[in-house]
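**Q** I am attaching a structure below and will ask some questions about it afterwards.
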Amino acid sequence: MKNAGHKNLELEDKVKKSLKYSILDGTFAASMIGFGESFLATFAVFLKATNLQLGLLSALPQFLGSLSQLFTNRLIKVLGSRKRLVCAAAWLQGLMYIPVILVFFMGTFRVYHLIVFACVYWIFGMVLGPAWNSWMGDLVSEDKRGAYFGRRNKITGFASFVSFMIGGFLLQRFADGVMTQYIGFVIIFGLALISRVISFSYLIKKYEPKYKFVREADFTFLDFIKEARFRNFGLLAIYLCLMNFSVYLSAPFFTPYMLQDLKMGYAEFTIVLAAAMVVKNLMMPVWGKASDRFGTKKILSLAGFLMPLTPFFWLFSSNFWYLLLAQAYSGFAWAGFELASFNFIFDSTSPQKRATCVAYYNVLNGISVLSGAFIGSVLVRYNSIFWSKYLFVFFISFAVRYLISIIFLPRLKEVRSVRPIRYPKLFFNIITTMPTMGNIHHLITFTKHGPQEVSLLKRKIKKGLKIR
């Protein structure tokens with residue numbers, strides 16, 4: 001019995017350390033994205049990419065990366081563990097910033113070379129996804145997923161924000177002349193590579209629970225498609241794929257809209273995009289706690305009707321301060337949508353089937369993203385309804401997002417036993433526990449204090465004393 005208890009304590013310690021290492025790994029992986037991936041489209045604009053090329057850069061790498069996940073289970077079997085696959089793919093992904101830097105010297109077809117290297121980068125980045133999800137699903141207990149990933153996402157979001165801001169201001173600092181601008185891109189892509197190397201060093205320290213291959217997890221992609229409309233995860237996959245199709249009708253074109261139509265400098269461009277990052281970072285833990293209490297389905301439904309508004313706000317003004325507010329709302333809505341979608345995948349799949357389900361979902365998602373970006377490129381090229389050729393796709397994206405939420409969200413089912421709550425009350429709960437509102441709310445309602453503290457606070461208020 002003592003030995004069993006000692007082993008349990010050792011196992012708990014390994015898991016705790018691994019969850020800390022996962023946050024550190026995620027922090028530097030997010031820094032890689034902030035310094036590098038976030039500026040690939042900007043680099044393409046610098047290289048004089050066309051709208052079609054921008055659409056391809058935005059969607060084709062994700063599509064091919066998604067297809068690579070069909071081989072994830074085979075690679076896990078070949079390598080013998082999820083950890084080995086994740087670590088190897090992460091290392092190779094980081095190295096891809098070297099050829100990305102060198103495309104500047106590749107002549108007439110350098111944008112297409114950039115697209116090719118971005119595709120390889122995404123293949124390495126996405127082939128590890130199902131293995132990582134399965135691995136983390138074994139490390140994080142079901143009742144703590146919302147809180148843990150909310151906290152992890154807050155930290156990684158902050159790292160992404162800081163690195164993105166530094167990257168943007170470095171580009172602004174090196175904005176004079178073509179070669180000087182190129183040096184700016186070399187610096188930020190070099191920082192991205194270094195960040196991935198540090199991330200890798202924490203990945204290899206993480207503990208991996210034993211993973212057993214079971215026959216029920218060995219179902220085909222065709223089986224998954226046939227059963228999708230009858231399964232909760234299948235319906236979620238269809239909903240998210242269609243939603244990402246509608247998102248990518250407009251997503252590739254915000255960068256050229258700001259840099260070309262609105263004539264923003266790199267500093268303004270960075271600040272506008274960073275506004276969403278800041279708010280998303282602050283709101284992740286709030287949405288996460290609400291998800292644990294009220295269920296991922298409830299949060300996904302609420303966020304699924306808030307998020308579609310984000311491109312709609314861009315139709316009314318090009319004022320810098322207005323766009324900051326629009327982006328702040330975007331960060332608020334996307335924080336809930338992304339967290340709930342992520343947690344719903346864990347809730348609606350078994351550990352044995354999770355890696356396969358995630359892989360098949362991502363294949364469909366890659367097709368959706370590619371289709372959305374291609375159709376968006378066509379709409380941008382041939383429309384002349386608004387003063388800017390990009391605004392029409394912003395409106396279409398907004399309308400299609402709402403239509404998809406109206407059709408699919410009522411069909412999803414909560415899989416855990418959670419507290420019931422109406423949507424207006426849930427929205428008020430989220431708003432009043434925002435970091436900027438929480439202290440006022442708790443002071444008014446006394447929800448953060450026990451009975452003795454409440455009476456003490458009331459006496460302090462009457463006496464005009466400071467509340468700490």
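**Q** Over 24 Å between Cα atoms: which of Lys206/Lys298; Lys77/Lys206; Lys17/Lys144 fall into that group?
**A** Distance filter (> 24 Å) returns Lys206/Lys298.
**Q** Here is a further query. Helix hunt in the chain: which complete DSSP H runs extend at least 30 Å axially by C-alpha with mean Kyte-Doolittle at least 0.5?
**A** Counting only whole DSSP H runs, the qualifying helices are 178-203, 266-294, 320-347, 351-382.
**Q** Here is a follow-up. Can you give the FRET efficiency to the nearest 0.05 for Ile375 and Leu9, using r as the Cβ-Cβ distance and R₀ = 60 Å?
**A** It comes out at approximately 0.60.
**Q** Still on this structure, I have one more. Per 0.36 nm of contour for each residue apart, how much would the distance between Arg419 and Val197 grow if the chain were fully extended, relative to their Cα-Cα spacing?
**A** Separation in residues times 0.36 nm, less the Cα-Cα distance, equals 75.7 nm.
**Q** Can you check how the C-alpha radius of gyration of the chain compares to 2.2 N^0.38 Å, as a plain ratio?
**A** 1.01
**Q** Continuing with this model, one more query. Please give the length that would be gained between Lys210 and Arg411 if that part of the chain were fully extended, namely 0.36 nm times their separation in residues minus their C-alpha to C-alpha distance (nm, one decimal).
**A** This chain segment gains 68.9 nm when fully extended.
Quick note: the coordinates plus some simple rules give every number you see, no bench work behind them. If you're wondering where the values come from, they're calculated on a predicted model, not measured in any experiment. FYI the Cβ positions are ideal-geometry reconstructions off the backbone, even for glycines, and counts take in every protein chain you see.
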